[in-house]
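Reading through the structure tokens given below for one structure.
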Amino acid sequence: MTDLQTIVLGGGCFWCTESVYKEVRGVTDVESGYSNGQAAQPSYDAVCTGQTGCNEVVKLVYDPAVISTRELLEIFFLIHDPTTPNRQGNDVGTQYRSGIYFTNDEQRQTAQTLLDELARDHTFGRPVVTELLALADYWPAEDYHQDFFERNPNQGYCVAVAAPKVAKFRKTFARLVRG
């Protein structure tokens with residue numbers, strides 16, 4: 001049996017990122033939270049002030065025998081804009097920065113290789129600003145943020161922002177959609 005791994009990703013609003021990764025084959029758990037800031041156990045309201053240094057993230061637990069770190073990161077770069085510092089669409093602030101927070105050296109190396117390829121190939125036409133750091137801390141978001149898209153598919157933000165990201169993932173990575 002393969003050991004499960006954990007990686008934490010910041011790709012803007014955690015509702016959107018969570019909604020995609022809940023559909024990925026090989027991902028065994030997805031949790032919205034906050035990481036890599038200065039505040040211990042921050043609240044959503046505190047994070048929204050931009051004063052905590054925390055990023056809105058999703059913590060992914062995955063089986064590398066089913067999905068590779070690289071595949072998880074390829075999905076990550078498909079579903080958000082890694083070229084806008086501290087912003088994803090209308091969501092603005094340091095809590096919406098693009099970030100990969102690794103928990104082991106293989107993840108760090110894989111992410112760095114992919115970041116180097118994206119830069120070399122000018123994939124996005126602008127520099128990628130995704131930060132690559134070891135996971136410094138992680139705090140789960142409040143219960144009402146967990147499974148938000150699943151529980152609120154008709155909420156305006158979910159319809160306008162999350163649903164298109166899920167559709168884009170399903171179309172581009174059909175082979176990785178949980179069956």
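The values are calculated or read from the model by the stated rules, or taken from the named source; none is laboratory data. These numbers were taken from a predicted model, which means no experiment stands behind them. Backbone-built Cβ (ideal geometry, glycine too); neighbour counts: all protein chains shown.
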Cβ-Cβ below 7 Å, separation at least six or inter-chain, first residue in segment 162-179 and of a type in the set (Val, Ile, Thr), second assigned to a loop (DSSP other than H, G, I, E, B): which pairs?
-> VAL166/GLU23; VAL177/GLU23; VAL177/ARG25
Counting only residues that are in contact with a Pro (Cβ under 8 Å, 6 or more places away or on another chain) and either over 19 Å from TRP15 (Cβ atoms) or of a type in the set (Asp, Glu) (or both), how many does segment 66-118 have?
-> 2
Which residues, taken from segment 95-114, are surrounded by fewer than 18 Cβ atoms within 10 Å (Cβ to Cβ) and not charged (D, E, K, R)?
-> THR103, ASN104, GLN109, GLN112, THR113
Does segment 64-78 contain at least one residue that is basic (Lys, Arg), in a helix (DSSP H, G or I) and at pLDDT 95 or above?
-> yes
Any residue in segment 59-80 that's touching a residue at least 12 places away in the same chain (Cβ under 8 Å) and hydroxyl-bearing (Ser, Thr, Tyr): show its pairings with residues that are surrounded by fewer than 23 Cβ atoms within 10 Å (Cβ to Cβ) and in a loop (DSSP other than H, G, I, E, B) at Cβ separation under 8 Å, as long as the two are six or more apart or on different chains.
-> TYR62/LEU4; TYR62/GLY26
Is it true that some residue in segment 88-98 is more than 24 Å from LYS168 (Cα to Cα) and either in contact (Cβ under 8 Å) with a residue 24 or more places away in the chain or out of contact with any Lys or Arg (no Cβ under 9 Å at 6 or more places or on another chain) (or both)?
-> yes
Going through segment 106-136 one residue at a time, which ones are touching a strand residue (DSSP E or B) at 6+ places or on another chain (Cβ under 9 Å), not in a helix (DSSP H, G or I) and not aliphatic (A, V, I, L, M)?
-> THR130, GLU131
Look through segment 25-53, keep the residues that are of a type outside the set (Val, Ile, Thr) and without any contact (Cβ under 8 Å) to a residue 24 or more places away in the chain, and return whichever of them is farthest from ALA134 (Cα to Cα).
-> ASP45
Every listed condition ((1) modelled with pLDDT under 95; (2) part of a strand (DSSP E or B)) holds for PRO85 save (2)
Does any residue of segment 124-140 turn out to be at pLDDT 95 or above, basic (Lys, Arg) and under 29 Å from ALA39 (Cβ atoms)?
-> no
Out of TYR101, TYR157, TYR144, report the one residue that is at pLDDT 95 or above, in a helix (DSSP H, G or I) and either under 25 Å from GLY53 (Cβ atoms) or in contact with an Asp or Glu (Cβ under 6 Å, 6 or more places away or on another chain) (or both).
-> TYR144
Any residue in segment 15-24 that is free of Cβ contacts under 8 Å to residues at least 24 places away in the same chain, out of contact with any Asp or Glu (no Cβ under 6 Å at 6 or more places or on another chain) and in a loop (DSSP other than H, G, I, E, B)?
-> no
